[in-house]
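One structure is given here, and the rest of the page talks about it.
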Amino acid sequence: MIKIDNVVKNYANGETEVKALRGVSLNIDRGEFTSIAGPSGSGKTTLLNLIGCIDKLDQGEITIKSETVSSMNKNEKTKFRRKNLGFVFQTYNLIPVLSAYENVAFVLSLLDLSEDEVRERTMTILKEVGLAGMENRKPSKLSGGQQQRVAIARALVKNPEIVLADEPTANLDSGTGEEILKLMREMNEKHGTTFIFSTHDPMVMDYAGRVVMLHDGQIKSDERK
Amino acid sequence: MKFIISLAFKNLTRYKRRTLITAGAIAVGIMMFIMIDSMLAGAEFESVRNLKWYETASVRIYNDGYWENRHQLPLDINVPDAEGITAKLEDAGYTASPRTVFSGDMILNADDFGEDGNIPVTVTAIDPQLDFDIFHFGDTLAAGRFLERGEEAALLGSWLAEDIGAKVGYWITIITRGNGGFYESMDLEVVGIVNCPNPNVNRGLVMMPFDTAGDYLAMDGAATEINIKLSDSADVEAAASDIQKLFNGSGLTALDWKYMAADYLALAEAKRGGTGIILFLIFIIAAVGISNTMLMAIFERIRELGMMRSLGMSDGKIRAAFVVEAAGIGLIGSFIGVILGILVNLFVVNIGFDVGFILRDMDIGYRIQSVMRGVWNVDTIGLAFIAGTVISTIVAFFPTGKALKMDIPACLRHQ
Ligand SMILES: Nc1ncnc2c1ncn2[C@@H]1O[C@H](COP(=O)(O)OP(=O)(O)O)[C@@H](O)[C@H]1O
Ligand SMILES: [Mg+2]
């Protein structure tokens, strides 16, 4: 479903040029639970940003659901993300003035849905991620793990094809991180959503159905379990 | 949209202090705007009133040749048969009164004043029975009494009296040239002192009875001018041309006060332009304040912004969210500003500022003497409220545009 074809991404860093991705090619099928692994600076975030249609590549092509996203303009990309992509961030990035419920419902407010449907879908997904009864809590009244659960609910509530998660467990202790991974895996199995997440934590890789190792902007290995 | 508005208002309460400080800055700007506008409008209103009440009346009849020679105060370019013309005006339904204005030297005698002296003066000869119907000296008496017909007496403006040390009962001598050029000297007793609210008048006023002056100066029933009063709402230009028609072919010209006070009105206009700049500056300061606040607010939330953009929120909606937030600050600030403005204006309108100490020795062009009072102007208050809100809203576009120019990964990376 996702075709990454010989993608090159360079950053101009003052005078010097940083080659973040040097010709990455990769196919990801619908419903896969893929980990992009590799040491810091290996290009994981860059690759996820390109798949997530929030950055521009320099060479190559990315196709998602047979749409060439890499050649879309800004507005087309925004629309594509709104419809197809969910994001989970290392720092959760919840809106602090909104309750857990509102943080999730926010995503649906960008789509044309009836109020009843927004309510129904938001309550259901919050229950699925294990936050029943905490809908009205502000992020400051939730633990890190609970906040990341809200973020996962936010990513999933619109039933996207793909959820991209850049280091989703890096800010959590290992126990909580493991729970978050289990939850993501569960959602992946239940909804058939394609998950792509990056990590440099070997424990995290154990949960992945497929581990793509990056090194210096190139794929070093690609293993399915 | 509902969501955007509710988010914007929640964000306003998120940074309460900053919201209040910025709203406070806007409020102060709006309060100043209301206050300054009120005071200037008040000064202008009172100036025009004092100009008409103590200097020009509404319409004045002169000899055709008088206006271009008015600075010489000629007695021979006059309105003959002042009594007949006044009567004719009264028949036509106008209130009118003749005056003769002439220049001379005022001699101060050591007997009264302690030492001899003399100063050039402009003397206004008035008909004590008619003049108060036109001009408003009636309630300006500070000491003594008003003039009576036929007596050899003078009234002085209080600032002039103060400058020369005159008191009621003192005698002054006016030396002038009568109609025809002969020298004439008049001994007049100061019978009263008036405190005229028009500083230009109060600074140099010497009044004497019209008939007494006529005898001394050989005016033979003529006046240099006939003053006419109209209601405040009257169209003075139309009235002047109506009056002119009554005297067509008789060598007389009717001028309205706007024509006579053209210099003052031009100055007032220029001043309005200058104060417009002050008001503009107040708003620029408020605009910079809110722009900065929004810039801070936006960059503090830049990762949130990156998140919202990642999830497919359009630039337009993000802009709307911040613009609504700024509009909220503007609305709060404008509301407080209008309340403060009204409170301050209660003082400015009813009590005012005593600026007599400035005006006593300096002519700032306004015809007001001591207390500067404001006026209520609902339009200004409404304008201030709308401007405060609208400017805040517009100004929010710039910092938002700046944030939206950043690419999304940069927003997400932001610490
Ligand atoms: N905006 C940028 N400007 C310059 N260099 C960048 C930028 N973003 C990433 N890089 C560089 O690109 C390389 C890959 O970065 P990144 O994709 O963030 O790696 P990872 O997520 O695996 O740590 C690194 O060398 C990093 O320093
Ligand atoms: Mg990274």
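Overview of values
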| read-out | value |
| --- | --- |
| Computed over region B:59-229: relative contact order in percent, which uses C-alpha pairs under 8 Å that are six or more apart | 34 |
| Computed [θ] at 222 nm, helices only, for chain B once each DSSP H run of length n ≥ 4 contributes -39500 (n - 2.57) | -17000 deg cm²/dmol |
| Distance violations [Cα-Cα > 29 Å] among A:K65/A:K138; A:K3/A:K225; A:K3/A:K220; A:K182/B:K405; A:K77/B:K2; B:K2/B:K405 | A:K65/A:K138; A:K182/B:K405 |
| Chain B - Rg over Rh from alpha carbon coordinates, Kirkwood radius | 1.22 |
| Sparse-neighbour loop sites [GluC sites (Glu not before Pro); region A:1-103; at most 16 other C-beta within 10 Å; DSSP] | A:E15 |
| Rounded, prolate or oblate (a/c below 1.5 giving rounded, otherwise prolate when a/b exceeds b/c) for chain A by Cα gyration tensor | prolate |
| Chain lengthening between B:H71 and B:E83 when straightened (0.36 nm per residue, less Cα-Cα) | 1.8 nm |
| Chain B: angle of helix B:378-395 to the longest principal axis, Cα-based, in degrees nearest 10 | 30 |
| Rel. contact order, % - alpha carbon contacts under 8 angstrom, at least six apart, region B:22-110 | 18 |
| Stokes-Einstein D for the protein assembly as shown, Kirkwood Rh over Cα pairs, 10 °C, 1.306 mPa s (µm²/s) | 50 |
| GNM result for chain B, Cα springs below 10 Å: residue of B:S241, B:S38, B:S97 fluctuating most strongly | B:S241 |
| Proximal aspartates and glutamates to A:K190, defined as alpha-carbon separation beneath 15 angstrom and excluding residues fewer than eight positions away on the same chain | A:E32, A:E128, A:E161 |
| Size of electric dipole in region B:59-229: Cβ of Lys, Arg +1 and of Asp, Glu -1, about Cα centre, debye, nearest 20 | 520 |
| Full-stretch length increase - B:R149, B:D215 - with 0.36 nm per residue and alpha-carbon distance subtracted | 22.6 nm |
| Positive-end extreme of charge dipole, region A:17-82 - chosen from A:A20, A:A37, A:S70 (charges on Cβ) | A:S70 |
| Folded to 0 to 90 degrees: helix A:74-84 orientation relative to chain A principal axis, Cα | 50 |
| Residues of type lysines that B:K88 reaches as a straight line, Cα spacing below 30 Å, ignoring anything fewer than 8 places off in the same chain | B:K52, B:K229, B:K245, B:K258 |
| Cα shape, region B:65-156, gyration tensor, a/c 1.5 rule | oblate |
| Size of charge dipole - chain A - debye, nearest 20, with Cβ of Lys, Arg +1 and Asp, Glu -1, no other charges | 240 |
| Cβ-derived FRET efficiency at R0 56 Å, B:L267 paired with B:K317, nearest 0.05 | 0.60 |
| Among B:I26, B:I298, B:I172: highest mean-square fluctuation, GNM of chain B, C-alpha pairs under 10 Å | B:I298 |
| Degrees, to the nearest 10: B:236-246 long Cα axis against longest axis of chain B | 30 |
| Rounded, prolate or oblate (a/c below 1.5 giving rounded, otherwise prolate when a/b exceeds b/c) for region B:277-362 by Cα gyration tensor | prolate |
| Binned Cα-Cα distance frequencies in region B:59-229 - 10 Å width, integer % | 10, 40, 37, 12, 1, 0 |
| GNM result for chain B, Cα springs below 10 Å: residue of B:A125, B:A254, B:A142 fluctuating most strongly | B:A142 |
| Computed FRET value (nearest 0.05) for B:Y183 with B:S231, which takes r as the C-beta separation and R₀ as 35 Å | 0.20 |
| Per DSSP, loop chymotrypsin sites (Phe, Trp or Tyr not before Pro) in region B:148-191 with at most 13 further Cβ within 10 Å | B:F182 |
| ³J(HN,Hα), Karplus 6.51/-1.76/1.60, whole Hz, each residue of region B:102-110, x for Gly, Pro | 8, 9, x, 10, 9, 9, 9, 8, 4 |
| Phi to ³J(HN,Hα) by Karplus 6.51 cos²θ - 1.76 cosθ + 1.60 over region B:20-30, Hz, x for Gly, Pro | 5, 5, 5, 4, x, 4, 5, 4, 5, x, 5 |
| 3J(HN,Hα) from dihedral phi, region B:346-356, Karplus parametrisation 6.51/-1.76/1.60, rounded to Hz, x for glycine, proline | 4, 5, 4, 7, 8, 10, x, 10, 7, 10, x |
| Cross-link reach list, aspartates and glutamates versus B:K16, counting only Cα pairs under 18 Å and skipping chain neighbours closer than eight places | B:E300, B:E325 |
| Stretch in chain B that is longest and holds no GluC sites (Glu not before Pro) that DSSP places in a loop and that have at most 13 other beta carbons within 10 Å | B:149-415 |
| Stretch gain in nm, segment A:E223-A:E179, where the contour uses 0.36 nm per residue and the Cα spacing is subtracted | 13.5 nm |
| Dipole magnitude of the protein assembly as shown about its Cα centre (Cβ charges: Lys, Arg +1; Asp, Glu -1), debye to nearest 20 | 6140 |
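FYI, it's all coordinate maths here, none of it is from the lab. Fair warning: this is a prediction, and the values are worked out from it, not measured in the lab. FYI the Cβ positions are ideal-geometry reconstructions off the backbone, even for glycines, and counts take in every protein chain you see.
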